[in-house]
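Novice: This is the structure I want to talk about, given as structure tokens.
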Amino acid sequence: MTTAIIVGVICLVIGAVAGMFFSKSSLNTKAKFIVDDAKKNAENLIEKANVQAESIKKEKNLQAKEKFLELKSQHDADIQSREKKMQDAEKRTKDKENKLNDELSKAGKLEKDLDRQIAGYAKKNEILEKKQHDLDQATAKKVEMLEKISNYTAEEAKAELVETMRAEAKTRAQAHVQSIMEEAQLNAKSEARKIVIQTIQRIGTEQAIENSVSVFNIESDEVKGRIIGREGRNIRALETMTGVEIIVDDTPEAILLSCFDPVRREIARLSLHRLVTDGRIHPARIEEVVEKTRKQIEEEIIEVGKRTIIDLGIHGLHPELVKIVGRMKYRSSYGQNLLQHSREVANIAATMAAELGLNVKLAKRAGLLHDIGKVPEQESELPHALLGMQWAEKYGENAEVIN
């Protein structure tokens, strides 16, 4: 019985040990399967991640190329626009040089005419001297005849004859001298007036560079980012609404406004000032502010035109011509404000007309309007004189003013 119990116990121990070994072997097999499965999942995830990263990389490269091409195209367009503006400026400069050469040619011709007249006067003087010589010979013959005919002594006859001839010669000479002096004075006044007019025209053509850029000062460079806006939408809206190129570069605390039209530059400058002061800068607000500023400038232009014609005493000017006169306030020509220049020309023309005995009011009117062709709202291929003539004719100006 004891033996049987011992044998049973031994069998139980052996069974327990065998069970333990079997259980450990099963666990090791499951663990190995789990590890292998995890490795496969990890490899799959890594492969998917690599594929996704490669796809994202290609997409970003494509977007970068498209952005580069867009910026390059915009840059090329800007360069072409600036080159066109430079070519236009060069053309205007050449036109002015040709005009100046024409004026110099006219002055040279006038000088030649004056030389010819001086030569004519010299020739007339020579003829006068010859006549005087002939008169002296005739006097001598008369003296000789008187000595033979009269009973006077030679000295008495000579004295009387000399006195008679002297009085006659003096009278004739005075008549000739008076005639020549009157003719010379008349021609001299005419030539002097021409020379004065030519001189005024030539002095008024000073060479200067036209201003096409305005500087808008800002308090700090942080404002530049707000003006540019997200992806440049604010600055594009400003350029579209005003027609002015807005240049934001490394210049500290300043933005450049570039445009050949000074009225547009002034509208852009005032609009920027209002937007920066207000602090709300977005496309809708930009459109609203620019429109209000444009109306304000137009009202100011009309008011300036009215004040100008009132100051000069000019009446009956067409409202459109009044507006054009007001626009000259924002234009510089040859280094001088165009409106101030035109006022001066009007006053000079009135003074010259008074000296020449002409219509003072008409001359003043023509002087004020002589440069209106320099302020077109749109670019024109016509010279400013012809464009101004067309406007004057269109709005019913006097034929002499139009001419």
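The values are calculated or read from the model by the stated rules, or taken from the named source; none is laboratory data. Bear in mind that the values here come from a model prediction, so they are computed numbers and not experimental data. Cβ atoms come from the backbone with ideal geometry, glycine included; neighbour counts cover every protein chain shown. These area figures cover heavy atoms from the full protein model, side chains too; ligands, DNA and RNA do not enter into them. Shrake-Rupley method; radii C 1.70, N 1.55, O 1.52, S 1.80 Å.
Novice: Per residue, what accessible area does region 248-403 have, given a 1.4 Å probe and all protein chains present, in Å²?
Specialist: Working: 8350 Å² over 156 residues.
On a per-residue basis, 54 Å².
Novice: Moving to a separate point now. Using a 1.4 angstrom probe and counting only protein chains, how large is the accessible area of residue 32 in Å², to 10?
Specialist: Spelled out: residue 32, probe radius 1.4 Å, area about 130 Å².
Novice: Just by accessible area at a 1.4 angstrom probe, what is the order of 308, 93, 277 from largest to smallest? Write out the running numbers ahead of the final one.
Specialist: Numbers: 308 5, 93 70, 277 100 Å².
Descending accessible area places them as 277, 93, 308.
Novice: Which peptide among 292-304, 235-247 comes first, and what is the full order, when sorted by highest mean count of other Cβ atoms within 10 Å? It would help to have the intermediate numbers written out before the result.
Specialist: Values: 292-304: 15.6, 235-247: 18.5.
Averaged packing, sorted descending, gives the order 235-247, 292-304.
Novice: Still on this structure, please answer the following. Would you please put 43-56, 98-111, 214-227 in order of how densely packed they are, using the mean number of other Cβ atoms within 10 angstrom per residue and starting with the highest? Provide the component values of the computation, followed by the final result.
Specialist: Values: 43-56: 10.0, 98-111: 12.0, 214-227: 13.5.
Final packing ranking: 214-227, 98-111, 43-56.
Novice: Here's a follow-up. Compute the length gained on full extension between residue 362 and residue 390: take 0.36 nm times their separation in residues and subtract their Cα-Cα distance, giving the result in nm to one decimal.
Specialist: Values: separation 28, 0.36 × 28 = 10.08 nm, distance 1.79 nm.
Taking residue 362 through residue 390 to full extension adds about 8.3 nm, to one decimal.
Novice: At a 1.4 Å probe, what is the % contribution of carbon and sulfur to the accessible area of region 211-265?
Specialist: Working: 1380 of 3010 Å².
Exposed carbon and sulfur together represent 46 percent of the surface.
Novice: May I ask which of 306/329; 94/329; 109/131; 91/323; 364/394 have a Cα-Cα span longer than 22 Å here?
Specialist: Too far apart for the 22 Å limit: 94/329; 109/131; 91/323.
Novice: Take the Cα atoms of region 201-348, find their three principal axes, and give me the spread along each one in whole Å, biggest first.
Specialist: Largest first, region 201-348 extends 54, 33, 23 Å along its Cα principal axes.
Novice: Over the Cα atoms of region 66-118, Rg to Rh with Kirkwood Rh, two decimal places? Show your work: numbers first, answer last.
Specialist: Details: Rg = 23.1 Å, Rh = 14.7 Å.
Result for region 66-118 is an Rg/Rh of 1.57.
Novice: So if I take the alpha carbon set of region 308-359, get Rg, then get Rh from the Kirkwood formula, what is the Rg over Rh ratio?
Specialist: With Rh from the inverse mean 1/r over Cα pairs, Rg/Rh is 1.02.
Novice: Probe of 1.4 angstrom, ligands and nucleic acids ignored: what's the accessible area per residue over region 82-141, in square angstrom?
Specialist: Working: 5030 Å² over 60 residues.
That works out to 84 Å² for each residue.
Novice: Relative contact order of region 256-403: what whole-number percent is it, with Cα pairs under 8 angstrom and at least 6 residues apart?
Specialist: Working: 149 pairs, mean separation 24.8, N = 148.
Relative contact order of region 256-403: 17 percent.
Novice: Mind putting a number on the dipole of region 34-129 about its Cα centre? Charges go on the C-beta only, +1 for Lys and Arg and -1 for Asp and Glu, and I need it in Debye to the nearest 20.
Specialist: Numbers: 23 positive and 22 negative charges, 39 e Å.
With Lys and Arg at +1 and Asp and Glu at -1, about 180 debye.
Novice: Which residues in region 250-282 place their backbone N less than 12 Å from a point set 7 Å from the Cα of residue 217 along the Cα-to-Cβ direction?
Specialist: The answer is 253-255, whose backbone nitrogens lie closer than 12 Å to the label point.
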